[in-house]
1. Let me confirm something: among Gly369, Gly361, which residue is in contact (Cβ under 8 Å) with a residue 12 or more places away in the chain and not in a strand (DSSP E or B)?
2. Take the conditions farther than 27 Å from Ser614 by Cα, in a strand (DSSP E or B) and not β-branched (Val, Ile, Thr) and apply them to Arg257. Does it pass?
3. Taking the stretch 186-207 only, how many residues are open to solvent by less than 20 Å² (accessible area, probe 1.4 Å), in contact (Cβ under 8 Å) with a residue 40 or more places away in the chain and under 19 Å from Arg257 (Cα atoms)?
4. Enumerate the pairs (first residue in the stretch 104-117 and over 13 Å from Tyr77 (Cβ atoms) and touching a residue at least 60 places away in the same chain (Cβ under 8 Å); second residue anywhere and open to solvent by 70 Å² or more (accessible area, probe 1.4 Å) and assigned to a strand (DSSP E or B)) with beta-carbon separation below 6 Å, excluding pairs fewer than 6 apart on the same chain, so at least 6 apart or on different chains.
5. Report the residue count in the stretch 208-240 for those that are within 14 Å of Phe256 (Cβ to Cβ) and either among the acidic types (Asp, Glu) or open to solvent by 20 Å² or more (accessible area, probe 1.4 Å) (or both).
6. Let me confirm something: among Ser321, Ser405, which residue is in contact with a helix residue (DSSP H, G or I) (Cβ under 8 Å, 6 or more places away or on another chain) and among the polar types (S, T, N, Q)?
7. Report every pair of residues separated by at least 6 positions or lying on different chains whose Cβ atoms are under 8 Å apart, first residue within the stretch 318-347 and free of Cβ contacts under 8 Å to residues at least 60 places away in the same chain and open to solvent by less than 10 Å² (accessible area, probe 1.4 Å), second part of a loop (DSSP other than H, G, I, E, B) and of a type outside the set (A, V, I, L, M, F, W, C).
8. Checking Gly374 against (1) assigned to a loop (DSSP other than H, G, I, E, B); (2) buried (at least 18 other Cβ atoms within 10 Å of the Cβ); (3) out of contact with any Ser or Thr (no Cβ under 9 Å at 6 or more places or on another chain): exactly one of these is not met. Which one?
Amino acid sequence: MVFLISLMVFGKLLNQRTTEITEKLSEATLPTAAVIFRGMEINLMHGISKDMDISTMRDGLSPLNEDRSLDIIIHKYGARIDGLVYEVRSMDGSRLVERTPVSEYIDSEEEIHASLPIKDLIEEKREYMLSLILDLEDGEEITYYTRVIHDKDLPAYSYLSFAKNFSEATFDKYKASSIVSYLESNEYGDNSTFAHVDIHSSLQQVTWGDLKVKVPDYVDLKVCEMDGSFSTMVLNYRIREEGEEGRRLYNVKEYFRTRYTKDRMYLLDYKRDTDEIFNPESEGVFVNDKIMLGITGRNVDIVENADGGVVTFVANGSLYSYRNSDSRTVRVFSFLNPDDEDERDYFDNHGIRILNVDETGNIRFMVYGYMNRGRHEGEVGISVYFFNSALIQLEEELYIPYEKSWNMLKASLKKLSYSGAGNVLYIYLNRSVYRIDLMDLSEAAPIAQKLPYDSLVVSKSNRMAAWRGEDEKSIFCLDLYDGSIRMIEREGASCWPLGFMGEDLVYGVSEAEPAYTTYSGISFSPMYEILIEDSDGEVLKSYHQPGVLVNEIDIDKDGIVLHRISSGESLAILPDDRIESHNQDNMEKNAITVAVTPDRENVVEISVANRITSSAIRVVTPEEVLFQGERELSLPQSDLEQQLYYCYSYGNITDVFSRPGEAVSAAERSDGTVINGKQESIWTKGERAVSVTIKDMEEAKEIDMPSGPAENAISAALDSILRHEGASIKTAPLLTQGMTAVEILSTYIQDSDVLDLGGCSLSSVLYYVNQNNPVLVTMGPDDTLLIIGYDAQNVLVFNPKMGIVQKQGLNDSAALFAAQGNPFISYKKSPY
């Protein structure tokens, strides 16, 4: 009896202690803000509770009213707001234009309406960063960011109303006739799934087929880019479908790229992605040996344990785990509240990466980006969690605050984030590879520092990483599973890490010093050997051919594509070659499959290893265990900023490059925009007039030639560019002294970003001609041209050596320049 009583008392105390040290994810508390433009609510903003690097907070673009005012609405969500202040800064954040308290506003129970009277200190047609700062009752300051522009000629309302009306018409079969002329329905459209439709899909597909979906209650319309001729916009909303199997919810993103003319609006591109919100407690989710994810994309992040008995997957920015032995499903982590539809919970500026699943089903994972709710609400950072499968408990092992945007953080962690054996985490952040002991945060230390973004290569699994050494000749290869590092070097040569095939490193070998210099003075080192080496350092394959150099490679699932040139003086472009891959994909016991349904078309499912007993399914949600001790780790910012170029597509960073030409090529493929480190746009898809001529260069006459036959054409071209920019400089002596064309233009064209655009298409570089900036084409020492104009059929070419202007066919010119590797150079002047 004493034993039983003691057991009861002990159990009661234990339960009481457990209650005290665990908690559920707290609800969202911060208000949201948005812009009201001519009656339309646009650019929904979520509050940031920490100081941020303003130069990285590139979000929606808000057009100002004609009187330069900006109308805003604040959705309070019960918060008490004691004051409002707004700041206007240059886009790089370095210059404060104004800081003004807002004394007049309408404060109701649920909302605040205010008009911000921007002072006459901003220039028209120039973007600025606006920060709206709320003082909450508890003394906390919350900041909201948007770009603003004052442009009286901007057809903003036409853009916004077009996207709004088009979207609404997709839910109404009668109104759908108004949008059919904008579609380009053809055989390229995929009409088998509602997960992704585009401008080539059928009208039936765009208008949701036979799905009984309801018009959304709220639409967040975000302006990504906008000028007098072109715009890109994204609509985010949530819709419901009432079907025989109950109610389903979907997150929808709708993408528009449009061109405005006085006569009509043109739809240049349209895409819509639909993501069914996974609810493990709904009927029909677990059927036979399938977990039904529904209408969603096939790129589902899924990881299983060694025997396949536990499968962990990410859906809608939430993490789930299914254990086959007892049909237990765990909602491991989610900002979504199944009992509520708070718009703040559905904000998707975060990601989840599954780091490790062990044999018992324990999970280590990372939540990174904007924290919608919980004790880090309103912050941008990295949380590393450990889920204890036996206790059904969640523990935060590490939190790293981050001072830049979610987009910047995503780009870094996309490079590297890994946790293998033991309790060690590896991440790439602030240009460094960090090793962090999760049991002792004081042991966090960088393995490599000041790494250029594109010098670090990582295998698909993130287990292997490699980078160039500080001597810029050797390679360091890191096995993140066991932490071992080995060095690769060749005497008298330079080694270049190029990527991985599976876990095998692909690298190239070139001369120790740059062996070639382009006609514009840019040095480069093509590789005379390509090698594939396993993690033990054994060479599996070597590619070397006499008289052949490899300029660059592409790695795909089937092997390596080698882009080759001939050695010697000509450097002629040779046909590509291939190295086939012999790696076999891992045979997983749980896999993503697609099923065809009568009404819902293709749906995505997880085929699990064993049959599911639907009646035994139980869904649990862990509470977080709170332990004493500091779990926050602040990592230093890089003390050496690298000039990087960010490829933005529909408001998100899709890739990062150190070479502007690569960024422009990527943006051309993704209908995007290229932004430099100062947050200045240096290229935008489609942003050019139909016909342009740089007048002062068209009217140029024959000029005095500098001495020296090797420099004649190039120096004459550079002289012409500098004269166009108002600088009377003779560049032949500068070239003789060893300065490159890029260095000369950077020196004498003030406040500009001079761009090596080698490899870009002719069509893409005409953007710079549209900006009144000539494009230098260096095909040889005596064969250098300047592109100074274009129309629908021709380019206008200035031969500075001969002092003549002539038209060349657009297609013929594209072929001619491509045969020489598209050796373009131009520049973009800073708007600030």
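1. Details: Gly369 fails: not in a strand (DSSP E or B).
Testing whether each residue is in contact (Cβ under 8 Å) with a residue 12 or more places away in the chain and not in a strand (DSSP E or B) leaves just Gly361.
2. Details: farther than 27 Å from Ser614 by Cα: yes; in a strand (DSSP E or B): yes; not β-branched (Val, Ile, Thr): yes.
Answer is yes for this residue.
3. 3
4. His113/Ile106
5. 6
6. Details: Ser321 fails: in contact with a helix residue (DSSP H, G or I) (Cβ under 8 Å, 6 or more places away or on another chain).
It is Ser405.
7. Ser318/Ser334; Leu319/Ser334; Tyr320/Pro280
8. The number of the failed condition is (3).
The values are calculated or read from the model by the stated rules, or taken from the named source; none is laboratory data. Quick caveat, the model's predicted, so the values are computed rather than measured. Cβ sites come from the backbone with ideal geometry, for glycine too, and all protein chains shown count toward neighbours. Only protein heavy atoms, including side chains, enter the accessible area calculation; ligands, DNA and RNA are left aside. Shrake-Rupley method; radii C 1.70, N 1.55, O 1.52, S 1.80 Å.
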